[in-house]
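The values are calculated or read from the model by the stated rules, or taken from the named source; none is laboratory data. The structure displayed is predicted, hence computed values, not measured ones. Here the Cβ positions follow ideal geometry from the backbone for every residue, glycine too, while neighbour counts run over all protein chains shown.
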Amino acid sequence: MTSLRILAPGARLIACIVVIAVLAACANLRYYAHVTHGESALLLQRRSVDKVLADPATNPKLATRLQLAQQARRFASARLDLPDNRSYTYYVDLHRPYVVWNVYATPRFSVDAVPQCFPIAGCVAYRGWFDEKKASESAKRLRTQGNDVYVGGVPAYSTLGWFADPILSSMMRWDDDELVGTIFHELAHQLIYVKGDTAFNESYAMFVENQGLREWHASRGEPVDDDSEQAMDDGFTQLALDLRMRLKKLYASDVGDSAMGADKEREIADFRLRYAAWRDKNWPNDHRYDAWVARPINNATLLPFGLYDQWVQAFAALFKQTGGQWPSFYARVRALAREPNAERERTLRELLKSTNVPTATTATP
């Protein structure tokens, strides 16, 4: 299984997790062989962080980042009650910009993903490839079938505890908070994971990441983020979710394919206008999302939105209810994980309602 992050140029867009079957037989044996080879290569290339730090040839800047990662690793177990194991005590130099490339696909007139189902992970909205060329070939096949397709490279990788996951060279491009937060995020997945419920899994891990970073900074006497950047990220996510909802309503209408295609393009064009107006009114000096908005947009490019932060505020409410105590919080999350899907979502909606966070534009792929 792999865990991935998608980043906007110059700023974090959203965090996401991609799960692929590294330990279970797959109907597509060629794909299974590819994934097995990719995971095995990482395991063979990893070096103990202690050995990397002791090596006089190690770049001083890399050494500083690895030392920070080890401090965060210890903090995660000691203060956040996250698993204490060998994950993130190894390092791998990938010699490539990303560890995995994700391929998302939807039908031309649907916001629902073409599902990828695996025995351990359940059904998810994407398929991850360790090789960019193979990802491109997969995307091409999906496009020839008439689907909307999106391919995104991602720097972070995790097996959810099945192996001792390494820190990757691709993670070194992140700022300190992204590096530290990723360690908290992925260890949270190792602790609790619900097969086939990406929104639950990711929202829970994102909350642990965000709250963990607050406690990390407080423990170091550093200023805690004022959440202004997160406010812009949340606002942009809501704009993207609103576009998804508009497209979903359009696709449920009775208009023919020709008219629907034209209306789809008009909705995307209107989204760009709404984005520009929203940015100029609220964030006139911040253009972090301009490049993303300018690129081609289709159903598949919208898939990641909402999958990874849909219930974050619900988990924040749950954390507050448990008095900010991590063991009690995890016990409540485990109880939620055991509920049937419909009941679990109903509970999360009630928690979200208590926070007064709007949910009208939230749509689950």
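Miscellaneous remarks
- Checked against the criterion of being at pLDDT 80 or above, closer than 29 Å to Arg334 by Cβ and of a type in the set (Val, Ile, Thr), the candidates Thr89, Thr2, Thr58, Thr36 yield just one match: Thr89.
- Screening Arg220 with (1) surrounded by 12 or more Cβ atoms within 10 Å (Cβ to Cβ); (2) out of contact with any Ser or Thr (no Cβ under 7 Å at 6 or more places or on another chain) gives one miss only, at (1).
- Considering the stretch 293-328, and only residues there that are of a type in the set (Ser, Thr, Tyr) and touching a residue at least 12 places away in the same chain (Cβ under 8 Å), the residue that is farthest from Arg246 (Cα to Cα) turns out to be Tyr308.
- Selected residue (criterion: farthest from the chain's Cα centre (by Cα)) from residues of the stretch 164-196 that are surrounded by fewer than 20 Cβ atoms within 10 Å (Cβ to Cβ) and part of a loop (DSSP other than H, G, I, E, B): Ala164
- Selection status of Asp234, closer than 26 Å to Ala199 by Cβ and in a helix (DSSP H, G or I): yes
- The residues of the stretch 249-258 that are part of a helix (DSSP H, G or I) and either over 17 Å from Asn299 (Cβ atoms) or at pLDDT below 95 (or both), listed by number, are Asp257, Ser258.
- Failed condition for Trp101, given (1) within 30 Å of Ala218 (Cα to Cα); (2) modelled with pLDDT under 95: (1)
- Of all residues making up the stretch 165-190, the number that are out of contact with any Pro (no Cβ under 6 Å at 6 or more places or on another chain) and under 27 Å from Leu348 (Cβ atoms): 11
- Odd one out for Glu222 among (1) in contact with a Lys or Arg (Cβ under 6 Å, 6 or more places away or on another chain); (2) under 25 Å from Pro60 (Cα atoms); (3) not in a helix (DSSP H, G or I): (1)
- Some residue of the stretch 126-143 being within 23 Å of Ile297 (Cα to Cα) and in contact with a Leu (Cβ under 8 Å, 6 or more places away or on another chain): yes
- Of all residues making up the stretch 49-95, the number that are farther than 18 Å from Leu187 by Cβ and surrounded by fewer than 14 Cβ atoms within 10 Å (Cβ to Cβ): 12
- Helices (runs of 4 or more DSSP H) enclosed by the stretch 268-353 - at least 3 residues per element that are touching a helix residue (DSSP H, G or I) at 6+ places or on another chain (Cβ under 7 Å): 312-321, 326-338, 341-353
- Qualifying residue in the stretch 201-209 (condition: among the hydroxyl-bearing types (Ser, Thr, Tyr), under 24 Å from Thr64 (Cα atoms) and either over 18 Å from the mean Cα position of the chain (by Cα) or at pLDDT 90 or above (or both)): no
- Of all residues in the stretch 69-87, those that are on the phi > 0 side of the Ramachandran plot have Cβ atoms under 8 Å from Cβ atoms of residues that are not in a loop (DSSP other than H, G, I, E, B), 6 or more apart or on another chain, in Asp81/Trp326; Asp81/Pro327; Asp81/Tyr330.
- Residues that are in a strand (DSSP E or B), surrounded by 22 or more Cβ atoms within 10 Å (Cβ to Cβ) and among the hydrophobic types (A, V, I, L, M, F, W, C), drawn from the stretch 150-163: Val154
- Residue in the stretch 232-246 that is under 17 Å from the mean Cα position of the chain (by Cα), in contact (Cβ under 8 Å) with a residue 60 or more places away in the chain and surrounded by fewer than 16 Cβ atoms within 10 Å (Cβ to Cβ) present: yes
- Test: Glu202 is among the acidic types (Asp, Glu), buried (at least 21 other Cβ atoms within 10 Å of the Cβ) and part of a helix (DSSP H, G or I): yes
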